[in-house]
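Trainee: Okay, handing you the structure first.
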Amino acid sequence: MLPRWQAGIATLAVTALAAALVILDLANHNVRRFWATHALTTDTVAGLVVLGLTVLVVDQVLTRRQVADRSRVVAAQAGFVLGQARRCVTAVRSLHSGDGDYDSAVNESRSYSLMLMVAAPVLIDSPVARAFLDQAQRLAAEVAGVLTSSQHAGSGQKSNPHGLDDAIDHLRAAAAPLLDVLTSSERTVVEGDTG
């Protein structure tokens, strides 16, 4: 498939060629007589112009469908990552408040990191999805920092997850434009139980 702008230019060029041939046929007696006396040439040129227009229009329709389908796949991946990010942040916060344990927070962090690795190839293509991926990686770094400080903290000390709130808020903001293509029920499914 041609890139969108090239397909648009090609469609306009073929349409202009067809319009020019029709105008010449209507306006110029010599051109009309040429087409009338050269039937095979007339049929070949007309067939090629119609074929060109058909192929270019079908290409544009398929490209638009592909873009729409891809945006839904990207939105689903972003929703999965966002849902796991919320679970990870909840586990790390509960570790900070004393209600959770270190091992479950580390397991949620690993799951989140694995999900980022799986989703990265899908999220790298467009600038909006790439911005979301960047925020997701920043959140992973914040989580790793909090877990590292929790591991090294003494028994009476607690780590301070001050950056988690900002990181998850930035991730939600970066996800919003991607998730707009999903219905509310689809969002619920991909993000999981967000409470």
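The values are calculated or read from the model by the stated rules, or taken from the named source; none is laboratory data. Nothing here was measured: the structure is a model prediction, and the numbers come from that model. As a convention, Cβ positions derive from the backbone with ideal geometry for all residues, glycine included, and neighbour counts pool all protein chains shown.
Residue-by-condition table, conditions (1) of a type in the set (Val, Ile, Thr); (2) under 30 Å from PRO127 (Cα atoms); (3) in the same structural domain as ARG187 (by TED's automatic domain parsing):
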| position | (1), (2), (3) |
| --- | --- |
| ALA19 | no, no, no |
| VAL31 | yes, no, no |
| GLY52 | no, no, no |
| VAL67 | yes, yes, no |
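Trainee: So in the range 95-135, with the set limited to residues that are in contact with a Cys (Cβ under 8 Å, 6 or more places away or on another chain) and hydroxyl-bearing (Ser, Thr, Tyr), which one is nearest to ARG70 (Cα to Cα)?
Mentor: TYR112
Conditions (1) within 23 Å of the chain's Cα centre (by Cα); (2) under 18 Å from VAL146 (Cβ atoms), marked per residue:
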| residue | (1), (2) |
| --- | --- |
| ARG4 | yes, no |
| LEU17 | no, no |
| ALA20 | no, no |
| THR54 | no, no |
| ALA78 | yes, no |
| ASP99 | no, yes |
